[in-house]
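Report on one structure; see the data block that follows.
Please treat every number below as a calculation from the coordinates, not as lab data. Remember, it's a predicted structure, so these values are computed and weren't measured experimentally. A quick note on method: Cβ atoms are made from the backbone with ideal geometry, for glycine too, and the neighbour counts reach across all protein chains shown.
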Ligand code: KIV
């Protein structure tokens, strides 16, 4: 089975078909997402927060990202697999190309994502030149959250919004095939979406983007340390898991588990022999 490619993604924008992206960091979740038919699976550096219990996404590096991307890759058959380039892994064009190649060659990713910083259009251009598809990420870029005043909505005044629009334009011109727009006013996301040929994928950027992405652990109710306003929680796996674990706990304590159905037994003849030894 062939994975979804850039042409498929670009043609969804032309056809007005929304693009669906979610994050995964391991084999079982990537398999579930892939089987659910979503278009893109992002091995996001949100790994730092939702899986590794770290405070900032910039606390993960290539070692962690490749380790988790490899696991996700083993499960993915049809979705496009995107590796999120961690902080400091794309400081210069040379370093960026080297690390983007690692995502493709070692972890089987089909594309990489980079977060905006001044001058990063040169980085995007170098990776694209190395024939690796790139997604740009503008608006709230969590790797630089501290410089942006925290995990806050970006582009709320005209000047700041104009800067984000310009960043999106530069990344499109650099050859990115898609843009993640995070935590910006819906009106600005709509303007970027209308004015670019490449699809926009929003997270906290309103309904007019060409697609949407969420951190899967947020959507499933697995990550509870903080809850951004833009997250819609579709189920409460935290409560479901606690219910199942509670049941296991009481069945072990009372001796109800394991029962005969979940145990192995020996042929009486063999048992007799060993007892006679
Ligand atoms: O790391 C991540 O999960 C992301 C998404 C929120 C877009 O960058």
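Hey, any idea what the orientation-averaged projected area of the convex hull of the chain's Cα atoms comes to, in nm²?
19.6
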Normalising by the residue count of region 134-192, find the relative contact order in percent from Cα pairs under 8 Å and 6+ residues apart.
-> 50
Crossing angle, helix 237-254 versus the chain [Cα axis fit, 0-90 degrees, rounded to tens] = 10
Enter the angle in degrees (range 0 to 90, nearest 10) between the Cα long axis of helix 62-73 and the first principal axis of the Cα atoms of the chain, meaning the one along which they spread out most.
-> 70
Based on other C-beta atoms within 10 Å, arrange 128, 112 from fewest to most.
-> 128, 112
Of the convex hull drawn through the C-alpha atoms of region 122-219, the volume per residue in Å³ is 107
In cubic angstrom, how much convex hull volume per residue do the alpha carbon atoms of region 30-151 span?
-> 101
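Please tell me the relative contact order of the chain in percent, rounded to the nearest whole number, where contacts are Cα pairs under 8 Å and at least six residues apart. It would help to have the intermediate numbers written out before the result.
Details: 500 pairs, mean separation 40.1, N = 277.
Reported as a whole number, the value is 14 percent.
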Note: residue 117 to residue 254 extended length (0.36 nm per residue) minus current alpha-carbon separation gives 43.5 nm
Cα axis of helix 6-15 to longest principal axis of the chain: angle in degrees, 0 to 90, nearest 10?
-> 70
